[in-house]
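Asks: I have a structure here, written as structure tokens, and I will follow up with some questions on it.
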Amino acid sequence: MLGQAWAVATYPGADDVPSSADNLLQKILISRGITDMAAMDKFLNPCVKDYMPNPSVLCDMDKAAAIIADSVLNGDKIAIYGDYDVDGITSTAVFVKYLRSLGVDVMWHLPTREGEGYGLNIGAIDEIAQHGAKLIITVDCGISGVAEVAHAKSLGLRIVVTDHHSPDEVLPAADAVVNPKRADDVSGLSYLAGVGVAFLTIVALRRELKSRDLSPDMAQKIADANPMNFLDLVALGTICDTMPLIGLNRAFVATGLKVLDLRNNLGLRTLMDVAGIKKSSVYAAGFAIGPRLNAAGRLDSAAPALDLLLTDNPLIANDLAQKLHRMNQERIDIQNAIMLSAGEMAQKCCDSGRCSLFVCGDNWHGGVMGIIAGRLKDKYNLPSCVATRCDGIINGSGRSIPGVDLGRIIHDALGAGIITEGGGHAAAAGFSLNADNEARFCEFLEDAVRTQLNGHLPHKEIVADAEMDAGGATLKLVNKLASLEPYGQGNPEPTLILHGASLRYATTMGHGAHLRGAVMTSSGTQLSFVGFNLVGTPVGDFLLDDANTNTKIKMLGKLKENEYNGHVNAQFFVEDIAK
């Protein structure tokens with residue numbers, strides 16, 4: 001009824017599995033390309049040990065581990081150079097915490113979004129050198145810093161780059177470059193977040209250190225410093241950088257959320273308390289913890305967020321958590337104000353039949369560009385770039401849809417000289433350009449997106465994982481589907497089509513914006529449902545019309561657990577209906 005076509009996911013072999021509640025899990029896995037029983041068992045029981053590769057499969061990893069090990073054992077001061085988003089912050093925290101546990105003299109640097117911008121910069125490298133560091137390790141950045149790496153080398157610094165962004169044709173001349181997106185890397189780990197690459201580097205470093213002739217004190221420190229304790233940070237960075245939750249990432253997140261629930265990291269524990277989070281989940285990480293950690297870097301400096309992850313002082317942790325909480329609310333207010341103007345511009349772009357959206361305003365706050373781009377992408381189902389124009393320079397962020405590699409487009413725009421800076425991955429990217437090139441960039445973006453989409457607008461089709469009788473939508477099935485978690489990019493929560501349902505009643509809730517009600521199933525059971533933001537839509541109008549009581553309908557949405565007054569039952573979250 002909302003004007004979007006429905007389809008059921010298909011995959012060779014999926015049609016051979018009957019569409020019953022008992023077989024639903026198997027059918028969903030097959031539809032997602034997981035076809036044999038061993039692979040299914042591994043997917044449903046994600047364990048880091050089972051998915052963990054030999055870190056040496058990554059190009060330059062052994063070289064990187066040896067260089068860092070030399071610095072550790074020589075007593076050199078080491079600098080970790082990160083980024084201002086959650087991936088960069090957690091990557092930095094993982095490395096700093098691990099090196100500190102070994103007694104290393106370690107410093108860190110996170111660039112400011114507005115002052116320095118993304119990636120390495122010469123001023124920061126000079127400052128690092130002045131503080132006596134002998135080695136720089138980049139995390140979640142560095143792959144495009146050819147000139148900056150050359151500058152660091154000219155100062156006599158050693159530098160190890162660890163990154164996951166798309167490289168240029170020429171790699172920086174670092175002492176080692178660890179990046180699964182290198183053209184010569186055959187590890188198959190290009191889906192990792194920056195924090196995932198950093199974690200594997202630490203694992204390789206630990207192995208390298210244990211192979212050396214160590215003092216008893218250092219040997220004990222290495223034995224006591226278990227990288228697995230940092231998987232809460234790895235999970236956060238992976239989720240918040242919208243990396244696909246497949247393979248090793250799935251294991252990182254599944255295990256990392258369990259580590260997060262242990263609440264061993266004082267800063268994270270305090271922030272979760274401030275945000276009212278009782279139990280960790282992908283949703284809590286992505287929509288409650290992540291935005292608060294991100295808020296500092298969006299509005300000013302990411303330093304308070306990193307300080308929170310590193311502190312062991314409860315008073316400092318509380319002050320920082322409260323500060324990030326306040327900054328996040330400030331970010332929301334700024335974002336909502338800009339969203340009004342950006343939304344109007346985006347609607348005009350969409351009405352013109354474009355395959356991409358590009359909106360730009362004067363002196364918009366650069367820290368919320370990515371969030372607004374994500375909102376527009378979700379609303380219009382188009383790759384969306386949002387930018388701010390100030391003093392002749394445009395800085396922006398983009399978010400993309402499946403089938404459009406935005407990082408590649410930004411990389412190509414940089415190569416064509418249209419933008420002055422840029423980088424990212426398939427789902428998200430950032431860029432800078434001279435204001436004189438605004439129209440040129442807008443058309444380059446549109447042409448590149450059209451090429452990747454073969455000239456067609458993205459099809460507004462909802463692909464459900466399976467169709468089944470509503471009578472099978474029980475709490476038992478909810479619990480069975482839970483084994484597919486953690487959900488996220490690359491492994492979405494299953495979307496189901498339920499048939500065999502008759503509308504019993506519907507009413508409004510939530511100040512009149514949302515719906516709740518129930519249907520009677522073909523098996524004679526009653527299934528409750530909710531529908532968010534459906535009042536005023538064709539779906540809401542149909543469900544609220546008493547004349548439609550007892551009408552047979554199909555429902556598209558998600559089956560979840562609902563707890564109310566101590567009672568737990570299955571509840572369907574309706575996204576669309578059909579007669």
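All of the numbers you see were taken from the coordinates with simple rules; none came from a lab. Note that this is a predicted model, so its numbers are computed, not measured. Here Cβ is always computed from backbone atoms with ideal geometry, including for glycine, and neighbour counts include all displayed protein chains.
Asks: List Glu493, Glu148, Glu443 from most exposed to least, where exposure is judged by having the fewest other Cβ atoms within 10 Å.
Replies: Working: Glu493 18, Glu148 23, Glu443 13.
Arranged by neighbour count, lowest to highest, Glu493, Glu148, Glu443 become Glu443, Glu493, Glu148.
Asks: Can I ask one more? Under a plain spin-label model, where a point goes 7 Å from the Cα along Cα-to-Cβ, how far apart in nm are Glu344 and Asp62?
Replies: A separation of 6.2 nm, rounded to one decimal place.
Asks: Return the inverse of the average 1/r over all pairs of distinct C-alpha atoms in the stretch 418-523, which is the Kirkwood hydrodynamic radius, in Å to one decimal. Don't skip to the end; give the middle numbers.
Replies: Details: mean 1/r = 0.0528 Å⁻¹.
Taking the inverse mean of 1/r over all distinct Cα pairs, the stretch 418-523 comes out at 19.0 Å.
Asks: I've got another one for you. Using Cα pairs under 8 angstrom and six or more residues apart, how large is the relative contact order of the stretch 219-335, in percent?
Replies: On the way: 122 pairs, mean separation 27.8, N = 117.
Relative CO of the stretch 219-335 lands at 24 percent.
Asks: If you don't mind, there's one more thing I want to ask. Within the stretch 200-345, how many Lys pairs sit with Cα atoms under 28 Å apart, leaving out pairs fewer than 8 places apart on the same chain? Walk me through the numbers before you get to the answer.
Replies: Values: Lys210/Lys221; Lys210/Lys258; Lys221/Lys258; Lys258/Lys278; Lys258/Lys279; Lys258/Lys323; Lys278/Lys323; Lys279/Lys323.
Step by step, the pairs that qualify in the stretch 200-345 add up to 8.
Asks: Enumerate lysine pairs in the stretch 28-127 that are 8 or more residues apart or on different chains, then count those whose Cα atoms are under 28 Å apart. If you can, show how the numbers build up before the last one.
Replies: Details: Lys49/Lys63; Lys49/Lys97; Lys63/Lys77; Lys63/Lys97; Lys77/Lys97.
Here the count comes out as 5.
Asks: What do you get when you divide the Cα radius of gyration of the stretch 468-579 by 2.2 N^0.38 Å, with N the number of residues?
Replies: On the way: Rg = 13.7 Å, N = 112, 2.2 N^0.38 = 13.2 Å.
Taking N as the residue count of the stretch 468-579, the ratio is 1.04.
Asks: Using 0.36 nm per residue of separation minus the Cα-Cα distance, give me the extension gain between Asn454 and Glu438 in nm, one decimal.
Replies: Working: separation 16, 0.36 × 16 = 5.76 nm, distance 2.42 nm.
Roughly 3.3 nm would be gained on extension.
Asks: By count of other Cβ within 10 Å, fewest leading, how are Ser522, Ser154, Ser397 ordered? Numbers along the way, then the final one.
Replies: Working: Ser522 14, Ser154 10, Ser397 24.
Ascending number of Cβ neighbours within 10 Å: Ser154, Ser522, Ser397.
Asks: Let me ask something else. Can you list the residues of the stretch 247-283 with backbone N under 11 Å from a point 7 Å past the Cα of Asp300, pointing along Cα to Cβ?
Replies: No residue passes the distance filter.
Asks: Based on the Cα atoms of the stretch 352-452, what semi-axes does the equivalent ellipsoid have, where each is the square root of 5 times one gyration tensor eigenvalue, given in whole Å with the largest first?
Replies: On the way: eigenvalues 65, 47, 29 Å².
Each semi-axis is √(5λ); the values are 18, 15, 12 Å.
Asks: Further question: Using 7 Å Cα-to-Cβ label points, what is the Lys379/Trp6 separation (nm, one decimal)?
Replies: Using points 7 Å along Cα→Cβ, the separation is 2.7 nm.
Asks: Provide Asp362, Asp185 in ascending order of the number of other Cβ atoms located within 10 Å of each residue's Cβ, fewest first.
Replies: Working: Asp362 9, Asp185 19.
Placing the least packed residue first, the sequence is Asp362, Asp185.
Asks: Evaluate E = 1/(1 + (r/R0)^6) for Met509 and Arg100, where r is the Cβ-Cβ distance and R0 equals 56 Å; express this FRET efficiency to the nearest 0.05. Could you put the intermediate results ahead of the total?
Replies: Details: r = 50 Å, r/R0 = 0.89.
With R0 = 56 Å, the Cβ-Cβ based efficiency is 0.65.
Asks: Next question. How big is Rg to Rh over the stretch 347-396, alpha-carbon atoms, Rh as the Kirkwood inverse-mean-distance radius? Please list the in-between numbers first.
Replies: On the way: Rg = 10.9 Å, Rh = 11.1 Å.
Reported Rg/Rh, Kirkwood definition of Rh: 0.99.
Asks: Using just the alpha carbons, could you tell me how many Å³ per residue the convex hull of the chain encloses?
Replies: 164 Å³
Asks: If R₀ is 56 angstrom, what is the calculated FRET efficiency for the pair Lys153 and Lys258, using the beta carbon separation as r and rounding to 0.05?
Replies: Values: r = 42 Å, r/R0 = 0.74.
Efficiency at R0 = 56 Å is approximately 0.85.
Asks: When the Cα atoms of the stretch 263-357 are enclosed in a convex hull and the volume is divided per residue, what value in Å³ results? Show your work: numbers first, answer last.
Replies: Numbers: hull volume 11.0 nm³, N = 95.
Taking only Cα atoms, the stretch 263-357 has a hull volume of 116 Å³ per residue.
Asks: Same structure, new question: Calculated from DSSP H runs of 4 or more alone, at -39500 (n - 2.57) each and per residue, what is the 222 nm mean residue ellipticity of the chain, nearest 500?
Replies: Values: 20 runs with 237 residues, N = 579.
That comes out to -12500 deg cm²/dmol.
Asks: Oh, and also: Taking the simple approach of a point 7 Å from Cα along Cα-to-Cβ for both Asp469 and Ala183, what is their distance in nm?
Replies: In this crude label model, Asp469 to Ala183 measures out at 5.8 nm.
Asks: Another question, then. Along the Cα-to-C-beta direction of Asp546, a point sits 7 Å from the Cα; which residues of the stretch 502-540 have their amide N less than 18 Å from that point?
Replies: Only 503-509, 516-518 fall inside the zone, counting backbone N under 18 Å.
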